[in-house]
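The values are calculated or read from the model by the stated rules, or taken from the named source; none is laboratory data. Everything quoted here is computed from the prediction, not taken from an experiment. In this analysis, Cβ positions are derived from the backbone assuming ideal geometry, glycine residues included, and neighbour counts consider all displayed protein chains. SASA here: full protein model, heavy atoms, side chains in, ligands and nucleic acids out. Shrake-Rupley method; radii C 1.70, N 1.55, O 1.52, S 1.80 Å.
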Amino acid sequence: MTKKRSYCIAGNWKMNTTPSSATTLVSGISHGIENLNLSRVRVAVFPPFININTVLEHAGGHIAVGAQNCYYEPNGAFTGEVSCGMIDDAGCTYVLIGHSERRTIFKESNTVIELKLKAALQTSLTPILCIGETLSERQSGNTWSVLQEQLNTAFQTITPEQSARLVIAYEPVWAIGTGVAATKDEAQEAHHFIRKHLSVLGKETSIPILYGGSVTADNARDLLSQPDIDGALIGGASLKHESFVSIIRTAALLSEN
Ligand code: 13P
């Protein structure tokens, strides 16, 4: 008998929602999933910092909450920044690190991302490391070297034991917010490559690898059925409780097979 699958379905709300609309959204999700069998499905949402408290209050028992970013210093004169210890103590479970919007718009380098990863691992947070290639990198045949470089730097001082506490999100930049998701074969190929490279680096290879980039209620089943795709990190479709719940339902059904 083959082992049953587990999934993680995460909603990255980005710079969307106010405290009141965040409360409505998380309450809608919580209500929508209450009758699903989530014994092998982890659900998480990533609201803007200012909405984390209210979302934690209204999340109910099945929804974990995470932050979209962090700073690597524990405290001090870093105006506008939030440390991993603060995020942890606020009651969050996860923190996103190295999202492509942080890399491109806010110029975060692989080195800064490594520092953030190390800082998160000093707390009880589970870091979700985001990696992925741009369209021009893919078109010029550099997808694998870009992913390798992102993994090599992020993991250089992470022990194999620490690597077991991580989640990776493969988010091809060309698929984010474009409506053009990677095909199930493209996504599976990249996830398989990432797992193989983790093994080359001597790190834990069984960690969850989530796919992100234009995941919708319509393509979730195809993507989540792939052997190396352990969940999804969803932007646009996580902002409406109906579509997010529908993706969670798909994962719940697949986890029962
Ligand atoms: P979309 O689902 O809107 O493409 O965003 C993906 C993403 O960036 C999740 O972190």
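Things to note:
- Per-region count, the range 82-106, residues open to solvent by 60 Å² or more (accessible area, probe 1.4 Å), farther than 19 Å from residue 135 by Cβ and in a loop (DSSP other than H, G, I, E, B): 1
- Candidate set: the range 171-198, residues that are over 17 Å from the mean Cα position of the chain (by Cα) and basic (Lys, Arg); chosen: the one farthest from the ligand (Cβ to nearest atom): 196
- Set 216, 205: member being out of contact with any Phe, Trp or Tyr (no Cβ under 8 Å at 6 or more places or on another chain), modelled with pLDDT under 95, in a loop (DSSP other than H, G, I, E, B) and open to solvent by 10 Å² or more (accessible area, probe 1.4 Å): 205
- Meets criteria (assigned to a strand (DSSP E or B) and within 30 Å of residue 256 (Cβ to Cβ)) for residue 11: yes
- Residue satisfying all of: in the range 14-42; assigned to a helix (DSSP H, G or I) and either closer than 22 Å to residue 230 by Cα or aliphatic (A, V, I, L, M) (or both); farthest from the ligand (Cβ to nearest atom) among these: 30
- Selected residue [in contact with a Phe, Trp or Tyr (Cβ under 8 Å, 6 or more places away or on another chain), over 15 Å from residue 233 (Cα atoms) and at pLDDT 95 or above] from 29, 52: 29
- Residue 104 passes every criterion in (1) more than 19 Å from residue 238 (Cα to Cα); (2) within 16 Å of the ligand (Cβ to nearest atom); (3) in contact with a Leu (Cβ under 9 Å, 6 or more places away or on another chain) apart from (3).
- Residue 138 open to solvent by 50 Å² or more (accessible area, probe 1.4 Å) and either modelled with pLDDT under 95 or touching a strand residue (DSSP E or B) at 6+ places or on another chain (Cβ under 8 Å) (or both): no
- Contacts under 7 angstrom Cβ, first residue in the range 70-83 being closer than 20 Å to residue 14 by Cα, partner open to solvent by less than 80 Å² (accessible area, probe 1.4 Å) and polar (S, T, N, Q), 6 or more apart: 70/83; 71/83
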